[in-house]
1. Among the residues of segment 87-123, write down those that are at pLDDT below 85 and in contact with a helix residue (DSSP H, G or I) (Cβ under 6 Å, 6 or more places away or on another chain).
2. Between a first residue in segment 101-116 that is farther than 23 Å from Ala32 by Cβ and a second residue that is at pLDDT below 85 and buried (at least 19 other Cβ atoms within 10 Å of the Cβ), which pairs have beta carbons less than 8 Å apart while being 6 or more apart in sequence or on different chains?
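The values are calculated or read from the model by the stated rules, or taken from the named source; none is laboratory data. Fair warning: this is a prediction, and the values are worked out from it, not measured in the lab. In this analysis, Cβ positions are derived from the backbone assuming ideal geometry, glycine residues included, and neighbour counts consider all displayed protein chains.
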Amino acid sequence: MTALTRAQILRPRSPICGRVAVPEWADNGTAAEVCIRTLTLNQRRALAESLHTDDRTLGFSPRAVALIVVASACDDDGNALFSEEDLEALQNSDARPLERIYQQALRLNGFLGERDDIAKNSPPSPSAG
């Protein structure tokens with residue numbers, strides 16, 4: 001095994017993405033999913049600061065759920081779906097799909113369990129490479 005170089009470690013990489021089923025949001029009986037992504041170290045720090053906690057003790061509150069959904073929900077290319085402007089609307093949305101997204105995002109980002117369990121069960125992101 002060869003040790004990685006600085007350039008190999010610092011090269012840009014696509015986030016690891018997972019998918020969460022959200023049948024409550026489906027139109028006309030079609031399947032519906034939301035993509036979620038891994039967070040960068042800076043995104044993780046900002047999230048912990050927004051929640052006024054360290055990144056291993058994220059709580060469960062409407063604000064925490066909404067912040068994690070905003071930070072992790074993405075399109076197929078890994079781009080954010082929501083911004084902080086959407087926090088209030090998300091907090092007033094159906095709790096069931098948001099709680100599933102929240103739980104899966106926590107796992108994918110190493111807050112709970114292993115992120116590889118979700119990533120290996122999700123189709124690869126088209127931008128992964």
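1. To start, the set of residues in segment 87-123 that are at pLDDT below 85 comprises 111-123.
Listed by number, the residues that qualify are Leu112, Gly113, Arg115, Ile118.
2. If the second residue must be at pLDDT below 85 and buried (at least 19 other Cβ atoms within 10 Å of the Cβ), the pairs left are Phe111/Leu58.
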